[in-house]
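To start, the structure itself, in structure tokens.
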Amino acid sequence: MTEIGILSQGRAAVFEEPIGPAGVRVRERPRTEPVAGAVAVAIRAASINHLDLWMAHGAQRVTPPRVIAADGAGVVEASGDPSRRPGEEVVIYPVVCCWECEWCRRGENVRCVRFGVIGEHSDGTACELFHVDARNVFPRPRALSWPEAAAFPLTFLTAWRMLMTRARLQPGEKVLVVGAGGGVAVAAIRIAKHIGARVFATSRSKAKQRRALEIGAEAAFDSTDFSKPVREASGGGVDVVVESVGPATINESMRAVGPGGRVVVCGSTSGVKAEIAMPRLFWGQLDLLGSTMGNASEFAAVLEAMNAGMRPVVDEVHPLEDVQAALTRLDSGEQFGKVVVSVSTEGGTR
């Protein structure tokens, strides 16, 4: 089967210049019918990630124009695949892959040679009509609003793989989430709490520390020199650390875990190179794990948890025309959870 192109159509938020939020503008794109194997989804809501912000600032190797956003939810408007029918309410699995290689057939989408992120390696979901492979759409969780349905895919998929697949988190274990407030960190708190783990968090913001407590953390600490209070509060160290900050916190994270603990890393917002204390790694019998995005089966597990009561956190909702304001909100660093763009309030069905 030929790989299906991912297309954003109708009104769309397009990255045009690497000058920050002002470089993303709403433009009109031509509409077409989906090809065989693809669906056209009338997007109700999309959410933005730091990836979109970094792209707007020119920090990603993406040549404009590019429609932003990995996360989207909407209604199937037209289908070129018998597995999907117009009128179905769906969410987008935010991974670019070929679906046909050996790794994809094994269910290891993250190892596909074409692996990427929607909105970075293809056009994104911040548009009125989104064409994508039918295998990238999944049923919308029943209890979620449109903004909530658009708020969880990338961040919860990433956090789920970090905790459940890579770190093998078990009920009753202790988890530290570093840098609470960002999308993946908030998702990690929700997931860990959902499965019955004990959760601790750090943040530079007192307000975000309070929010972390509200959504499930039992204690929250400042983001500097946090290892000692975390070890004291957790009774000797946590079992798992969710780390996305990188050089600024990695050694504190390693000191915060107990013997045999796991530090799982999905990003490095404070830089790309870090020095670590090697004796702590080997004397502590620690696992230092990397993780990126997740497979379709892991996305299905996230959907199952959403249907069982787990919920994303929506920070703010902006109309598509105000996408620059949405990006500016993310750029301020004041958000807690996901910033969502409302695209359409119409039914989206024929």
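Values quoted throughout were computed directly from the atomic coordinates according to the rules given, and no laboratory measurement underlies them. This is a predicted model, so every value here is computed, not measured. All Cβ positions, even for glycine, are placed from backbone atoms using ideal geometry, and neighbour counts span all protein chains on display.
For the stretch 270-324, take the alpha-carbon Rg, divide it by the Kirkwood Rh, and send me Rg/Rh.
The Rg/Rh ratio comes out at 1.18.
Give the Kirkwood hydrodynamic radius (Å, one decimal) of the stretch 77-155, defined as one over the mean of 1/r across all pairs of different Cα atoms. Numbers along the way, then the final one.
Details: mean 1/r = 0.0732 Å⁻¹.
After inverting the mean inverse Cα-Cα distance, the result is 13.7 Å.
Do the sum for the chain: with -39,500 (n - 2.57) for every DSSP H run of n ≥ 4, divided by all residues, what is the mean residue ellipticity at 222 nm, to the nearest 500 deg cm²/dmol?
Rounded to the nearest 500, it is -7000 deg cm²/dmol.
What ranking, highest mean first, results for peptides 40-47, 315-322, 82-89 when packing means the other Cβ atoms within 10 Å averaged over each residue? Please list the in-between numbers first.
Details: 40-47: 28.9, 315-322: 17.2, 82-89: 14.6.
The densest-packed peptide leads the list: 40-47, 315-322, 82-89.
Enter the mean projected area of the convex hull around the alpha-carbon atoms of the stretch 155-290, in nm², rounded to one decimal.
Convex hull of Cα atoms, orientation-averaged projection: 6.9 nm².
Cα atoms only, the stretch 78-212: Rg and Dmax in Å?
Gyration radius and largest Cα-Cα distance of the stretch 78-212: 17.0, 51 Å.
For the chain, what's the relative contact order in percent, using C-alpha pairs closer than 8 Å and at least 6 residues apart?
Relative contact order here is 21 percent.
Wrap a convex hull around the Cα atoms of the stretch 1-85, take a quarter of its surface area, and give that in square nanometres.
6.2 nm²
How do 279-291, 302-314 rank on mean C-beta neighbours within 10 Å, highest first? Walk me through the numbers before you get to the answer.
Numbers: 279-291: 13.9, 302-314: 18.5.
Sorting 279-291, 302-314 by mean packing, highest first, produces 302-314, 279-291.
Scaled to the compact-protein estimate 2.2 N^0.38 Å, what is the alpha-carbon radius of gyration of the stretch 216-338, rounded to two decimal places? Before the final figure, lay out each step's value.
Values: Rg = 17.4 Å, N = 123, 2.2 N^0.38 = 13.7 Å.
Rounded to two decimals, the normalised Rg is 1.27.
Given that compact globular proteins tend to follow 2.2 N^0.38 Å, what is the ratio of the alpha-carbon Rg of the stretch 194-236 to that value?
Normalised Cα radius of gyration, the stretch 194-236: 1.12.
Restricting the count to DSSP beta bridges whose residues both fall in the chain, what percent are antiparallel, rounded to a multiple of 5?
If we restrict to bridges inside the chain, about 60 percent are antiparallel.
Where does the chain land on the Kirkwood hydrodynamic radius, alpha-carbon pairs, in angstrom?
Details: mean 1/r = 0.0492 Å⁻¹.
Evaluated on the chain, it is 20.3 Å.
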